[in-house]
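The values are calculated or read from the model by the stated rules, or taken from the named source; none is laboratory data. Predicted, not measured: the structure shown is a model, and the values here were computed from it. Virtual Cβ from ideal backbone geometry, glycine too; neighbours counted across all protein chains shown.
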Amino acid sequence: MATPGEKLAESLQILRALQDEHGSVAINTSEINRIHRERLMKNGFLKEVAKGWYIVSNPQEKVGDTTSWYTSYWQFCSRYLNDKYGGAYCISPEQSLLIITGNYTIPNQLIVRAPNAPNKSIPLLYNTSILEIKSPLPNKADVIEEKGINMLTLPSALIHCSPTMFEKNPIEMRTTLVQITDASEILQQLLDGSHTVIAGRLAGAFRNLGQDRIADDIVKTMRTADFDVRENDPFQNQLATELSFREKSPYANRIRLMWQNFREMIIKHFPESPGIPEDKKGYLKAVDEIYTTDAYHSLSIERYVVSVDLIEKVRSGAWDLAENAEDKKHRDAMAARGYWQASQAVKGSIEKILDGANQGKVAARDHSDWYRELFAPSVAAGILKPSDLAGYRTNQVYIAQSMYVPLNKDAVRDAMPVLFELLEKEEHAGVRAVLGHFIFVYIHPYMDGNGRMGRFLMNVMLASGGYPWTVIPVEERDNYMQALEKASVDNDIEPLAKFISNLVHQSLKGSPVASL
């Protein structure tokens, strides 16, 4: 008679075969019998999403953990919609535009149009849903497939989206408009559909971006065809940043637009800069003195089990990789040792800035050194492969419990140079600190270590304004993560600006972050 372990193994083999067959995390109830399905659900390997549909899940997830769902979301929707409608569907123009900009943030509700849709909302996990609306499909030429999802092309989505998109999502809308290089890309649909109001709105939007040639071509062509076009700027403010109109990649421009939109809010809340200290040795000594506190909190935020004794052990040299086999296998010890080595490299970068070097150039040149030192002990111990030190990631990553999906691997290489360029040019140290940290973790350039690297970058930028090294306490982890989520998902930087500003205020007053 088979043991419970053998039975579970049999069910897992079937689950694996289904994944290999469909290349998806989504499983239909017709594909797996009740016994195997119930066994896998009981042991946490399957999670029900909607009636008759499941996703593969992690049995170690706690109740309420959204990670497996958010990381599976787009794959699930692709499989579910294609199975249900055989490809005869299309997501909304608004969601299409978000995806065109590379924004794969999980929506609370995905709107889908299909000729055979039931006009109902299908509830999914964690307050998400799919609203299926009965509607004819656009012309085939206006529909493309992106990561298995049927969506509108850029011109069609721009023409058919709601005007409120310009007010609610100005960053994404400007990012998409920059990808239009000539009015001819949208004029045919404007003319064929007699879209006079839309033509006036798009002309005003292009003029807001400084694209007068495209705006003029839209208005003149529509009027030549005897359409009465009245130009109207749908944005609530003027564009005040330089965008690149040559490249098709949307990521660099999205980063520039976020920077412009967020900086005034940060300046509003941030304390005045003390300026580069005259006593540079004293500043660096203070960095040394706060190391133990900083390491404890920064590593604890990442869920490493780290004690003050362990930190002091690796700092003092009492921890010996070659002689202590236990330490060699200890992931947390490797993390602590790496943090110490990286912090020394970061301190070297701060010293260059205090000596007058430009903070953006220093960060661009040195951040790869911080990263290598952060993970060198884990590579030496055999926990990580040497190739893990190669640099920016080559795979997609996800953030636990977050609706935000970081940029794809190719976009990382478009976005990172822009971040350092902005850090180099930004005059306000508080903006450099908050947005340097936020946009670094928004891009998520590495497979691991992004939070620690982002906090290193924040403190290097704080040093460039003479602010003291500031610790984000582990007791504030939830508020910290919620503020990052608000900025990433809703383009609302104020919670993060307030959060970091308050901590900097406390650091300026010399208040202890936490008792250890």
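Quick look at the values:
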{"item": "Count - residues of the stretch 47-73 that are in contact with an Asp or Glu (Cβ under 7 Å, 6 or more places away or on another chain) and not in a helix (DSSP H, G or I)", "result": "1"}
{"item": "Any chance residue 99 is assigned to a loop (DSSP other than H, G, I, E, B), out of contact with any helix residue (DSSP H, G or I) (no Cβ under 6 Å at 6 or more places or on another chain) and buried (at least 19 other Cβ atoms within 10 Å of the Cβ)", "result": "no"}
{"item": "Cβ pairs under 8 Å, 6+ apart, first in the stretch 188-201 and outside any helix (DSSP H, G or I), second buried (at least 16 other Cβ atoms within 10 Å of the Cβ)", "result": "193/159; 194/227; 195/159; 195/189"}
{"item": "Selection from the stretch 473-502 of residues that are basic (Lys, Arg) and either modelled with pLDDT under 95 or in contact with a Gly (Cβ under 9 Å, 6 or more places away or on another chain) (or both)", "result": "477"}
{"item": "Selection within the stretch 209-223 - in a helix (DSSP H, G or I), within 34 Å of the chain's Cα centre (by Cα) and within 18 Å of residue 154 (Cβ to Cβ)", "result": "214, 215"}
{"item": "Residue match in the stretch 221-229 (condition: under 13 Å from residue 177 (Cβ atoms) and touching a residue at least 24 places away in the same chain (Cβ under 8 Å))", "result": "no"}
{"item": "Filtered residue count, the stretch 160-179, keeping only those that are surrounded by fewer than 20 Cβ atoms within 10 Å (Cβ to Cβ) and without any contact (Cβ under 8 Å) to a residue 60 or more places away in the chain", "result": "2"}
{"item": "Criterion: more than 15 Å from residue 449 (Cβ to Cβ), at pLDDT 70 or above and either in a loop (DSSP other than H, G, I, E, B) or under 29 Å from the mean Cα position of the chain (by Cα) (or both) - qualifying residue of 343, 273", "result": "273"}
{"item": "Residue count for the stretch 394-407, restricted to those that are modelled with pLDDT of 90 or more and of a type in the set (S, T, N, Q)", "result": "1"}
{"item": "Filter result for residue 30 (surrounded by fewer than 12 Cβ atoms within 10 Å (Cβ to Cβ) and either under 23 Å from residue 84 (Cβ atoms) or in contact (Cβ under 8 Å) with a residue 60 or more places away in the chain (or both))", "result": "yes"}
{"item": "Candidate set from the stretch 470-482 (those that are assigned to a helix (DSSP H, G or I) and more than 13 Å from the chain's Cα centre (by Cα)); member that is farthest from residue 299 (Cα to Cα)", "result": "482"}
{"item": "Residue satisfying all of: in the stretch 208-230; at pLDDT below 95 and closer than 17 Å to residue 166 by Cα; surrounded by the fewest Cβ atoms within 10 Å (Cβ to Cβ) among these", "result": "210"}
{"item": "Top-ranked residue in the stretch 442-469 [being at pLDDT 95 or above and of a type in the set (Phe, Trp, Tyr); ranked as nearest to the chain's Cα centre (by Cα)]", "result": "442"}
{"item": "Selection count, the stretch 129-174, where residues are basic (Lys, Arg) and touching a helix residue (DSSP H, G or I) at 6+ places or on another chain (Cβ under 8 Å)", "result": "2"}
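Table: residues versus (1) touching a residue at least 60 places away in the same chain (Cβ under 8 Å); (2) more than 17 Å from residue 403 (Cα to Cα); (3) aliphatic (A, V, I, L, M); (4) not assigned by TED's automatic domain parsing to the domain that holds residue 103.
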| residue | (1), (2), (3), (4) |
| --- | --- |
| 449 | yes, yes, no, yes |
| 459 | yes, yes, no, yes |
| 463 | yes, yes, yes, yes |
| 491 | yes, no, no, yes |
